[in-house]
Structures are given as structure tokens and as C-alpha cells.
Amino acid sequence: MNAPERLPLRAPLKPIPARPPLGLAKPPPAPPPRPLSMVDAKLGEHLVLMPGQLHFGRQAASMRTLLGSCVAITLWHPHKRLGGMCHFLLPSRVRTAGAALEGRFGDEAVELMVQSLGRHGTRPEDYVAHLYGGADTMPEGAKVKLNIGERNIEQGWSLIDKYGFQLDGVDVGDNVPRTVVLNCGSGEVEIRRTTRI
């Protein structure tokens, strides 16, 4: 009697992945990571913004910053009581593709604030803006003048025009440092000039 014929071995079957039940949507994509330059506030907090930082929202009681050649732009929505401030060091940079926006650069700082106000369902033209800073911090007789303050001021004007903010207050140039305080309860901006640089 002949031995029974052997059949070739088959590879084990792979389990079929479970399908999601019909009618259920995929979870929404995760929100983009929060930029490092964006500062959060607790309710009623008095924020102090350092160079390159910004804040937008209604939690803070006030925002304060000290300016030399840097420029600050404040925003205030009089009806929704939303406010923001950015403190930028340079007008712009050449940004590589995919690089995160940074608050150190004027164009990127204001773009971050515009993104924030959009998330609150508002438009740039609804906001009152103030522009401060841009002092000449180079001593008289310096051989090289970079005119950073002047370039920051020009960028500030340009961004306010570009986005259509309603410009209400300006104190720029000269060679004095300034302290800027935005009261987030009333939208009032206080500017204090200090001793010459």
C-alpha cells in the first residue's frame, strides 16, 4: 500500500483588521502645536511679555512690555473684549518651508495674532490697534547704524495696513525706551517714556 500523498503547507492566514462601524466619523485631527512665543494667561493675571513673546485672549487682566528698538502692536476688540499684544525684535526673516512661526519677527508675530483672532470668530478690521517702540538704540557717532528701530516701525505700519486694523495710537522712534501696558478690561493703553538710552 502506498503512503498517502502529502499536501503542500499553506502559510497561516493573517487576521483581518477590524473595520470601524459604519456611520462613525474619524476623530478630528489634533490642533497644531502651540508656538513657543505664545504666552498663556490665567484669569486675572498681569502678564509681562518678554522680547519675542505675544498673547491674545480675554483671560489676562493686563499685558505689559518694555521696548527699546523693538516694536509692540496691541489689538483690542471693543465689543467682544478680546485683546492681544506682540513684542517683536526684527521685521522679518527668510523662513524655511515648514518652519514654525516665531514671535521674534514682526510679520510672523502678527500672523500668529491674526490666526488667534480668527479662532475667536473675529476679523482684523474689528480691532483697534496701537503701535509703539522702534527707538534708535545706537549711540551718537556709531560707525555702523543698523536702523533696526526704524525698520521695525516700517514693518509695524505695513502690517497694520495689510490686515486692516483700525490704528488708534502711535508713539514710535526717538531714542527713549517705553513701557507699554494694555488694560484688558477697558482696552486702554498706557505708554510711559523713560530716560534716554
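Each reported figure results from applying straightforward, stated rules to the coordinates on display, with no laboratory input. Source: prediction; values computed, not measured. Backbone-built Cβ (ideal geometry, glycine too); neighbour counts: all protein chains shown.
Summary table
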item	result
Taking H79, H55 and counting other C-beta atoms within 10 Å, the order from fewest to most	H79, H55
Cα-based shape type of region 143-197, given that a ≥ b ≥ c are square roots of the gyration tensor eigenvalues and the cut on a/c is 1.5	oblate
Scattering curve values for region 46-193, log₁₀ I(q)/I(0), Debye with Cα scatterers, q = 0.09, 0.10 Å⁻¹	-0.25, -0.31
Inter-probe distance in nm under a simple model that places probes 7 Å from Cα toward Cβ, at E190 and S92	3.6 nm
Neighbour net charge for P78 - beta-carbon separation under 14 angstrom, K R +1, D E -1	0
Packing-based order for 87-93, 181-187, using average beta carbon neighbours within 10 Å, highest first	87-93, 181-187
Potential extension, S158-N183 segment - 0.36 nm per residue separation minus Cα distance	6.5 nm
